[in-house]
Every structure is written in C-alpha cells, then in structure tokens.
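The values are calculated or read from the model by the stated rules, or taken from the named source; none is laboratory data. Only a predicted model underlies this, so the values are computations on that prediction, with no experimental measurement involved. Virtual Cβ from ideal backbone geometry, glycine too; neighbours counted across all protein chains shown. Please note that ligands, DNA and RNA were not included when accessible areas were found on the heavy atoms of the full protein model with its side chains. Shrake-Rupley method; radii C 1.70, N 1.55, O 1.52, S 1.80 Å.
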Protein chains: 2
Amino acid sequence: MLLLNRAVVPGLRQACRLKSTPLRLCIQACSTDDSFRPHRPDSTFSGDSSSTGGWRVMGTLLGLGAVLAYHDHWCRAAQDSKPRIYTKEEVSSHKSQKTGIWVTLGSEVFDVTEFVDLHPGGPSKLMLAAGGPLEPFWSLYAFHNQPHVRELLAQYKIGELSPEESVPPTLEIADPFADDPVRHPALKVNSQRPFNAEPPPELLTENYITPNPIFFTRNHMPVPNVDPDTYCLHVVGPPGGQSLSLSLDDLYKFPKHEITVTLQCAGNRRSDMNKVKEVKGLEWRTGAISTARWAGARLCDVLVQAGYQLGETEAHVCFEGLDSDPTGTTYGASIPLARAMDPEAEVLLAYEMNGQPLPRDHGFPVRVVVPGVVGARNVKWLGKVSVEPEESYSHWQQRDYKGFSPSVDWDTVDFDSAPSIQELPVQSAITEPQDGDTIQSGEVTVKGYAWSGGGRAVIRVDVSLDGGLTWHTAELEGEKQPPRKAWAWRLWHLQAPVPAGQKELNIVCKAVDDSYNVQPDTVAPIWNLRGVLSNAWHRIRVHVTQ
Amino acid sequence: MLLLNRAVVPGLRQACRLKSTPLRLCIQACSTDDSFRPHRPDSTFSGDSSSTGGWRVMGTLLGLGAVLAYHDHWCRAAQDSKPRIYTKEEVSSHKSQKTGIWVTLGSEVFDVTEFVDLHPGGPSKLMLAAGGPLEPFWSLYAFHNQPHVRELLAQYKIGELSPEESVPPTLEIADPFADDPVRHPALKVNSQRPFNAEPPPELLTENYITPNPIFFTRNHMPVPNVDPDTYCLHVVGPPGGQSLSLSLDDLYKFPKHEITVTLQCAGNRRSDMNKVKEVKGLEWRTGAISTARWAGARLCDVLVQAGYQLGETEAHVCFEGLDSDPTGTTYGASIPLARAMDPEAEVLLAYEMNGQPLPRDHGFPVRVVVPGVVGARNVKWLGKVSVEPEESYSHWQQRDYKGFSPSVDWDTVDFDSAPSIQELPVQSAITEPQDGDTIQSGEVTVKGYAWSGGGRAVIRVDVSLDGGLTWHTAELEGEKQPPRKAWAWRLWHLQAPVPAGQKELNIVCKAVDDSYNVQPDTVAPIWNLRGVLSNAWHRIRVHVTQ
C-alpha cells in the first residue's frame, strides 16, 4: 500500500546504489509517515513566495530525507570517510540531465539531478543555478535560508569544492527587495520577500474603508519603483488599429470614475483550510481582504479610445505588471473582454486609493481594479494592456488561482480542467471576539465582515453562539449599495445574551448573498490543494468567565 | 415558558367562557406539544395551493384543537344536550367582527370569528364566505375537503340550521378547474387543483431537453383557456408614450430568438427541508426543474418598441398573468428593468416550447422566460407588461418566494426584510439510483443534474459514496454553454466501483458554479419557513447486494 513514485524511488535508488542494503527498512520507515505527500513539479515558480507553502510540503519529505541521508551517510562511512573534492570546472560541466545537475552552496557540492523535478518553484528556476553556486538565487528567494531547506539539500551532497576554490562567489547580487517601501508595523507579515501581509482582525473592521497603510498587501515580486513622470501605459491596439502610449496625464484626461470596492485574495482564510490538510500557499488568516475608495479612468473608456468594441467571439483583456522576477517574468492576469467593456462592471485603471495617489505597495502609479473579482486579476504597477483571443498565458492565470475537488492532489491536478477564478463566492468572517478570547458572561458583541463576488449584495448574516444549532440575524451596517453593483463588503455586528452557565461559546457566522448563495458548513469538502476559495462558515471558540 | 398568543388565547377564552374550568390543564396540554406553531395571518391566499402546507401547519394546532373541542364538548354536554337551531337569516347577519362571523357547511353552523385571522389563506378569503355557506368556496379550493380541515372546523360549531332551511345551497358554482388540460400520467402530482406536478426522477434526466408533456408544472390557479385569435398582450407605454396592444401575429414580427433554458421552482427539493422541520408549501421532490428550448420575441425589443430605455433610477418590469382566482386576483411578478433591457440577459416573451406552441399548462399562448431566474418570475399566460418604480405588488412578489433565516417563524417573519428571489443559487440532485434502491455490488452508476442561477455555468460536480468523506468528480455531459449565459442545466454521471464489502452506500452530490459558489453541506442551517431555496447536498442511501 506504499505510495511509490518518483519522489521516493530515485532517492532509494541513490541510497541503495552505494550499498544494496535495507531498502525494505527505508520503505517501511517512509510508509509510516502519513503526512508524506510528494510535490508535483509542473508549476513554475517566478518568485511567488506562496511556494513557501511548497517548502512546507517538502518538509514532509524530511522524514524520508532523514532516513535516506542517514542511510547514505552510513553507506558512505563504510566506503570512504573523506569527502570527494571537485573543482568549479567539474561542477560547471554538470548542468543537464545527461551529465547530471550539480550546484554548490558554500564549499559543498550537491548532485540535485533527481531533485530538479521536485523543486517547488518548478524545474526551470532551479536550472538557472545548474553548474554553479546557489547563493545568487537564494538571495533573491530569501525563504530558502531556512534549516529544513538546508537539511533537505544535505541529502544530495556528493562532495566539496577544492579548498583553494572554495571562496564566496564573486558575483555580487543586489537585494532586489532592498527598495521595497517601509510598511506599517500593525501588519501581520506572512512573507517578507516578496511582501505579503494582512491587517490584524481588531483593526480590519474598525473602519468601513480600510486605511491605506494597513490595506492587505499581496505582492508576488519586489515592488517596482516607477517614475511617475516617465510612466507609460502601453495599450496594444486592435488588428489594423493604433496602439496607445498613455502617460499619467493622459490617463487623468479620461473621465474620473470613483467607486468603493473590496478586494479579496483567493487565499483569504487559507489557514482554516490548512488545519484540515496541508495546502500550498501563504498562511492568510481572515485579513486578506480590505476595502478602499478607488478612482481612475474606466477601462472601457480607454479600450474604446484604442478602437476596441465588443465582438461576437469571446476575448480577454490581458494585463501585465511592471513587477518582475530575475528571469524577466512579469506578473500577468486577464479578465473577459465582456466585463472590461461593460460600463456597468466599472473596471478601473485606478490611480487613486482613498483620495491619495496609490501607495507603492498597491500599484503606484496605476493598477487595475476589477470590482467583484478575485484580487489576483487586479494587476498592480500596470505596464501593458492587450486584448487576446485566449486568457493571459501567465502562470497565475493558467497554473494557479483555480479551484479543484478535495480528491485532487499534486500528482493528479490538471490545471486546464478548471476555470481561472474570476468572481468569488460569498464570504464572511468574525473579527471580534477572536478565537481563544475570554469574554464576560452577560452579553457578547460579535463583529465581522461579509462580502460576495460579482456585485452580489450580502442580504443577511446569520450568527450562532452554539456551533450552528440556533441562529441570530446580525445587524448589517452601512448603506445598501446599488443593485448588481455591491462591490464592497458589509460590516455587521450582533449583540446577544450569553446563555447562562455557558463556559464556552462556539461562535459561527455565515452570510447569504442576493442570489441566495450561502457559505458551506465545513472546510473539508471544499478543501483544495492550493488552499483557495476558503469560504466555509467561520468558527471561533471563546471562553466565558462567570 | 408557554408561548401564549392569539392562536391560543381566544380558543381558551371561548372554551372557558362556557365553564370556568381547567384552563391550567389546557395550557399544560398545549405546552407539551412541541410541534405547536401558530400560523401568522398576514399572508394573503389567492388560491395558492401551496397553502396546503399551511393546512398542515394548522394541523399542528389540532393537538390544541382536540383539547379545546373536547373541553367545549364537555362543557356543552353539561349545559345543554341539544344543538342550538339557527335560521339562514340569523347566520347571514353575522359577517363582521362586531356581530361575529358565522359560516355554514351542510346543516352545521360555525362561529369562526376567532379563526378568521388564523386562516392560512388570509382573512380576506374566508371573509368572502362570511354569513353564508362554505361550499361554493371549498369547491374552488378543493384541498379543504380533507378530514383534518373538517376536524378543525368542528371546534367552532355553535349549532345547526333549522331543518327546513338545511338544503344544499342553491348557488351552482361551475368547477373552475374543469377546463384544465389533460396531463401525462407519468407526472407525480403534488396538487390537483391547482395543478402542480413533477416528472419522476427516472424520466427527469433521461433527456437533456425535457419533453413538453412531463415538464414540471407549477400552476397557482386554474389554467385559462385563451383564444389565440383574440389574444392581446397589453404593454403599458412610458409616461407620455403610447401603450402597445400586441396580437400573436404582432409578436411573431419581432426577431425570433431561441434559447435553451432550465426553469426551476423556488420550492424544488422542499421535501428535504420538510424532513428537518415542517414548512409551508407543496411537497416537491427533486423534479421541480426542467429544461426546454424556448423561442419568442426578446422582451427588450418589445420594450424598446414601446419607447422604454434604461434610466438612472432602478425600475421593474411587472408581468400579469391571465390566470385568476374567483376574486379576480391575477398571478403577477416582476424583474428589474435592467435585466429586461439587457439583450445579453435574453429575457423572452416565449410562444414556442421545444418547437411547439406553448402547451396550455406552460402558458399558452405567451409566457415570460427569464433565463437564470426563479420559475416564479416566468409568468405564464402573459396578459400585461408594465414598467414601475417598485416591484410587482403581487402576493407572490412581496409576500412569498423569499428566503429567511432558520430562526424566523410565522410569528416573526417580516417579508419586507428580504429581497424577492431572482437568481437562484447553485443546485444539484441525484436522479439514479433513488433513495432506498438496492444495487448490485461491483460498480455503481450515479446520474443527476446540476444547475446554477444567473447564467453561471456548473464547472464541477463532486459525488461521494461515503456520505461526504471522499469525493469523485462526475463527468459532465453535453456541451459547454456560452460564457455568462449558462442558462441550462448540465446532466452528469459517475461510474465508480462499489467499495468491497459495503452493505449500504451513502451517496451525496454537490455542484460548483463558475463563481465557485458551492452547495451547503446540510439542510437545517438553510431551513426557512416557506421551504424555498433547498439546495444542500443531495443525499440518498442505497443497499448493496453482495
């Protein structure tokens, strides 16, 4: 019943190549590790720090790794107590599957041939370092500097560089994140490089409009430093038409449109999904959602000026960011042309956020704001707009931000089988009290937010104090939004008596939108390998002092 | 802790008026009846047979009724063993709250003063019979002819008509349902008058297009017999504009538009909700949904010809049917003008169903078809179209077909607090095998349908054979529909091995739409007093022969 695949076999083969000993023992050791789950190597990396989750997945391999490394070590010790010595030239001649793929870290040499396909960031990224030192790349992707990554690497060690060659690599790599802006200390940081952070629950719903400094930040790469004076948005024209190059001043000349829009990351509340079974991605809690008043030119006005009109056949508006990784890959995403061209959909090329120029972390000087649609399509630091017959070919459109059945894992996932996430499902969360808090008996005040995608208004939030057996209807705050354009969340609160004698409350919230869609009761049946679309009832437990 | 309200108090008062005896006993008897739930008297009736459910609600009053009737009887027996005799003239002088409200049935006289407000069909309908015989009205609303209704009435008996006057009422009422069409015998009838019926599961998903004779039928009143030669659709013009009177030939002159659309009743799968706690409404199983190819004029083309355009302020297109109850109340409903005017929403004034003129049960000669929207807005036998600043004032728009929290009952419901159902949430059901079936071991084939409102496509159906612990992905049949216009269902099937040794399978299905909305796990948290929007996972149990 042991799951034997290429994550296991080559390692075992390598271990047993040295001495034909306890293969059976290794297999048994591995098979007792229930958390063992191989990582599928077809997702490309491009600096997406969400793959820190991938490192975690790999961490589960360490049970195996430790066994193999120990066995390897034991075999070696029997064979040869001195490490083999290689020259840099020898290392540099190993950069293909044919010759084997070697890398160095400090003075150590590693044969990572068998690991390349298992690299969470995809094989191509690791191949950039083939035949040479890892340091220049680890300085870009700083999360590699963790003990479990080094441990993992250790099992691939084949020797050392000759002492006279073992000097730090001379290539000086400037830290690409060095120029990132200074952030607000209240933010809960999920990843420093690239920067990903969320406001704490107690601040999140303090204001209907989230103050810019604590608006959740989801960066995939270093923050580009764009000069507003030379900024130019390239809008590719239709076939036979003219392309536009729009400066900021050009954009200001379009009618200024201002709307209140909530943005939510597809991974919001991933932490709840992670509790059910490990997923790949940043550990967002309830704060990967925020609301701002955005102002800018309507995308439809710009597209019309570029000569576009809505045709019979489906087309997509592709956006490219000015943020990029060391290979030059820029962030990209797309939305259907029908949405882009619909004035009622109010898609913006926004240059203002809450009355200020966009902060750098939120796309200065121009970002896309697609009301009612997942954060990932709201491309920041917008550099280029084009209209294509297919969706953006970007990794984030085609190979990420999609939902799958709980039965799909990294071995069976077929990214082409699911549509890219656009409109998000109905969502809600409790921000006060917080899980584990102690409250006074008497009366409890419960607060939170609720939102739905596609402009669907939240019409009701139900709150339970007994785990979902009985329900109270929460009070929705703020004003109703225009029909079909409920782009922003509703904050809500409930004041209710704490049932007498109760020592613990199991508080739950669930929202209903105006298509009467509801949130699912539990997480497991919507679990998916990427940990997106986590919108089951939000549940917290609090203690009651008598 | 006894819930004392006007359903209880007057009855007790009446009982105790006769002899001041065991009031405490009565109260105790009532308070042990957990199912006791008074009916709130503010919903009007208008021949909606869904109120057979209302009678059921009232049936729960019978525990109380029996106590009261027994007590009443006991008191009377002590006072007077002979019934009091009244003349018709005496009865006819009792038709107001001031004089008391009396009615007769056969030779018996009843004082229903205290009951009028409790009448499930609303006070106004019962008041039509005040001071006279019930028979003419019961012949219209045939479901009154049931033992528990007669039992309920019995407790209000105050005497008998004088024998010489006790002849059947001379008023001959023609049976308004006599002219209803002949129906297909395969239909499972939920109510004969008005006719409400669904195809059996084994036929429902036999074809992607439901054959006209077994398309589910939801009538609120007798089927009007409309002469196509004199048929005229009245379209009220905008202020200062001209109204249109359109014959069938006039409608044929508009561009003919043909689309495949699934219609679903808001009460589909109400039977599942009823199992959790009793609801008011027809006992629809999984068949209050069907799919047809509809053809007709686009509503937007007709409205444009009438001089309408989309304005800044929200408006509603109100539809009136030619079906009516004895008081002249016609069926009515409305949709937002924005939907009606949007060519992409493809709202039709349909005159063809699967290539045939509409069958009489489905609105001959013209009905509204609103793709993606609850059946109740797809008004049949369309007589009148107008554009109003408010939604239709019809009972079915304002006081029915809305969703509420599970905590709302008929005493606390505020119909103004919830929006009328328009787009429906994602739905799916298993049609093969059926609950309680016995299947062979080896392999099982599971079939069913899935659909979502608002043109949102079904992107995946998950099927579990173990009650939701593990999931298979079903195969979706048929072709994808145009983006944003997935107006029709997807049929699906799954072939999967039956886990060896399993004696019973707990089969579950759940669908996901392209906004990644999912169905809730369980029924209780979406339970609502009217039993609408029943879209929790569909669950069946089958036995396995070894």
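Okay, here's what the table says:
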| quantity | calculated |
| --- | --- |
| Paired Rg and Dmax values of segment A:412-546, which use every Cα atom, in angstrom | 16.4, 55 |
| Buried solvent-accessible surface, both chains (B, A), 1.4 Å probe, Å² to nearest 100 | 2900 |
| Fraction of accessible area attributable to carbon and sulfur, segment B:197-308 (%, probe 1.4 Å) | 51 |
| Under the Debye formula (equal points on every Cα, no solvent term), log10 I(q)/I(0) of segment B:163-289 at q = 0.12, 0.14, 0.19, 0.21 Å⁻¹ | -0.74, -0.90, -1.13, -1.21 |
| Anchor A:Lys88: aspartates and glutamates whose Cα lies under 17 Å away (excluding residues fewer than 8 positions away in-chain) | A:Glu108, A:Asp111, A:Glu135, A:Glu160, A:Glu164, A:Glu165 |
| Accessible area (Å², 1.4 Å probe, nearest 10) - A:Arg399 | 70 |
| Cross-link partners of B:Lys485 among aspartates and glutamates (Cα-Cα below 14 Å; sequence separation of 8 or more within a chain) | A:Glu312, A:Glu314, B:Glu258, B:Asp342, B:Glu344, B:Glu346, B:Glu423, B:Asp513, B:Asp514 |
| Flagged links, alpha-carbon separation over 28 Å, of A:Lys275/A:Lys510; A:Lys275/B:Lys510; A:Lys188/A:Lys510; A:Lys275/B:Lys480 | A:Lys275/B:Lys480 |
| Stretchable slack from A:Asn225 to A:Val149, in nm (0.36 nm times residue separation minus alpha-carbon distance) | 24.3 nm |
| Carbon plus sulfur fraction of accessible area for segment A:330-381, probe 1.4 Å, in percent | 53 |
| Partner lysines for B:Lys384 [C-alpha distance under 26 Å; skip if fewer than 8 residues away on the same chain] | B:Lys125, B:Lys253, B:Lys256, B:Lys402 |
| Two-site label geometry, B:Thr313 and A:Thr87: point separation in nm, points 7 Å out along Cα→Cβ | 8.9 |
| Accessible area (Å², 1.4 Å probe, nearest 10) - B:Asp521 | 10 |
| Fully extended contour minus Cα-Cα distance, from A:Glu278 to A:Gln440, at 0.36 nm per residue | 54.8 nm |
| At least 20 Å² of accessible area lost relative to the chain alone, listed for segment A:483-501 with a 1.4 Å probe | A:Pro483, A:Arg484 |
